[in-house]
Amino acid sequence: MKTVIVSIIFLIVNSQSFAANRYWISTVSSNWNSSANWSTTSGGAGGASVPGSGDIPIFTNAVSGNCQINATVNVAGLLITGYTGSIVQNNFVINIGSIGYNQNSGTFTGGNASITLIDGDFNLSGGNFTSTSGVLSIGGAQTAGNAVIFNHAAGNFNHNNGKVIFNPFIASCTQYTYTIDVLPTTLFYDIEINSAYQTCNINHIIATATGDVVNAENDFIHSDGIINGAFSLLKNLTINAGADGGTGTITFTGSSNETYFQAAGTPRACKIEVNKTAGTVKPASGSSEFYIQGFN
């Protein structure tokens, strides 16, 4: 099920009075870490400061010069709208704050360093996004409950053989649900669910949107939090010590041999399903128990 993104560009650009907008204005391929390439207005004069932790870098259709990231990035958000060029991560860490990652055009090419949405959400509604081959972390310290933390509405998502960690948390005694909303074509490589409670021993919920299946081409790890909705994997399942079960389903699919591993203690998996065309599902070495909330 797709969540409709209404006027997201207007909201990001105009409602965040505490954040300064920085517009990419280079007409040729150039480096991120140069004040000459940034302006306070779209298509305006360069010389504004390179975007910092309180700023939103914005890439628009005013220019199409590629952006080569050549330094660690710490920003409040990242907005790509109407832009037809490419943003290349190379080997530099990217940290994005509460405004989140929002792309409806252009190309983002990940490298091998981490990309962390510290307390924001990921929205892809057009263009091409290639993730890092390292770790993409989504969720972080949420300020509100019941949010869609990953929304792939249109465009192309390429996992780049990297890992995605969904790790939203909030200091609240109310249980909240954080939703992953994907297309049938959305494919992750490794997935980890790690939504640790912060207070009151309340475990928050990671869910999939109605009708969605979130697919891992490789491994699936449940480290903490509650899983609702539908997930699948093609390789190996790990249930770590903090896993809190849930009403969701994790399905072993494909034709290769797969394994499951449960850490020491009494972690719980949600419902487990085996729906394979060939191959086996067996306990991994060192795994002697498997606590689950249903089996099919």
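The values are calculated or read from the model by the stated rules, or taken from the named source; none is laboratory data. Owing to the predicted nature of the structure, the values given are computational and were not obtained by experimental measurement. Cβ coordinates were reconstructed from backbone atoms using ideal geometry, including for glycine residues, and neighbour counts include every protein chain displayed.
None of Asn194, Asn228 is touching a His at 6+ places or on another chain (Cβ under 9 Å), surrounded by fewer than 21 Cβ atoms within 10 Å (Cβ to Cβ) and modelled with pLDDT of 95 or more except Asn194.
Filtering region 238-260 to residues that are touching a strand residue (DSSP E or B) at 6+ places or on another chain (Cβ under 7 Å) and under 13 Å from Tyr291 (Cα atoms) leaves Thr238, Ile239, Asn240, Gly242, Ala243, Asp244, Gly245, Gly246, Tyr260. Identification of strands (runs of 3 or more DSSP E) wholly contained in region 79-134 with 1 or more residues that are of a type in the set (Gly, Ala, Ser) and over 22 Å from Gly54 (Cβ atoms) yields 86-88, 94-109, 122-130. Look at region 265-278: where a residue is closer than 13 Å to Ser223 by Cβ and a partner is buried (at least 17 other Cβ atoms within 10 Å of the Cβ) and of a type in the set (Val, Ile, Thr), sitting 6+ places away or on another chain with Cβ atoms under 6 Å, you get Pro267/Ile239; Ala269/Ile239. With respect to the stated conditions, Lys282 fails to be within 27 Å of Asp181 (Cβ to Cβ), basic (Lys, Arg) and out of contact with any helix residue (DSSP H, G or I) (no Cβ under 7 Å at 6 or more places or on another chain). Among the residues of region 163-178, those that are under 19 Å from Ile96 (Cβ atoms) and over 11 Å from the mean Cα position of the chain (by Cα) comprise Phe169, Ile170, Tyr178. The residue that is surrounded by the most Cβ atoms within 10 Å (Cβ to Cβ), among those in region 100-144 that are under 23 Å from Thr174 (Cα atoms) and polar (S, T, N, Q), is Gln142. For residues that are farther than 22 Å from Phe92 by Cα, of a type in the set (A, V, I, L, M) and part of a strand (DSSP E or B), scanning just region 135-156, find the one that is nearest to the chain's Cα centre (by Cα). This residue is Ile149. For region 153-174, a tally of residues being in contact with a Lys or Arg (Cβ under 7 Å, 6 or more places away or on another chain) and without any contact (Cβ under 8 Å) to a residue 60 or more places away in the chain returns 0.
Being among the hydroxyl-bearing types (Ser, Thr, Tyr) and more than 25 Å from the chain's Cα centre (by Cα) is the filter here; which residues of region 44-70 pass it? If the condition is that a residue be among the hydroxyl-bearing types (Ser, Thr, Tyr) and more than 25 Å from the chain's Cα centre (by Cα), then Ser49, Ser64 are the ones that fit. Does region 11-26 include one or more residues that are at pLDDT 95 or above and under 22 Å from the mean Cα position of the chain (by Cα)? No, there is no match, as no residue in region 11-26 is at pLDDT 95 or above and under 22 Å from the mean Cα position of the chain (by Cα).
Matching residues to (1) in contact (Cβ under 8 Å) with a residue 12 or more places away in the chain; (2) of a type outside the set (Val, Ile, Thr); (3) closer than 26 Å to Lys282 by Cβ:
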{"residue": "Asn151", "(1), (2), (3)": "yes, yes, no"}
{"residue": "Tyr176", "(1), (2), (3)": "yes, yes, no"}
{"residue": "Ile202", "(1), (2), (3)": "yes, no, no"}
{"residue": "Thr208", "(1), (2), (3)": "yes, no, no"}
{"residue": "Ile221", "(1), (2), (3)": "yes, no, yes"}
{"residue": "Ala230", "(1), (2), (3)": "yes, yes, yes"}
{"residue": "Leu237", "(1), (2), (3)": "yes, yes, yes"}
{"residue": "Asn240", "(1), (2), (3)": "yes, yes, yes"}
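Annotation note: Cβ proximity below 6 Å between a residue of region 22-40 that is within 15 Å of Val75 (Cβ to Cβ) and without any contact (Cβ under 8 Å) to a residue 24 or more places away in the chain and a residue that is of a type in the set (D, E, K, R) and surrounded by 14 or more Cβ atoms within 10 Å (Cβ to Cβ) (sequence gap 6+ or interchain) occurs for Trp38/Arg22. The test for being modelled with pLDDT of 95 or more and more than 30 Å from Ile25 (Cβ to Cβ) does not hold for Thr107. Against the test of being surrounded by fewer than 23 Cβ atoms within 10 Å (Cβ to Cβ), over 24 Å from Thr186 (Cα atoms) and of a type in the set (Val, Ile, Thr), the options Thr84, Thr40 yield a single qualifying residue, Thr40.
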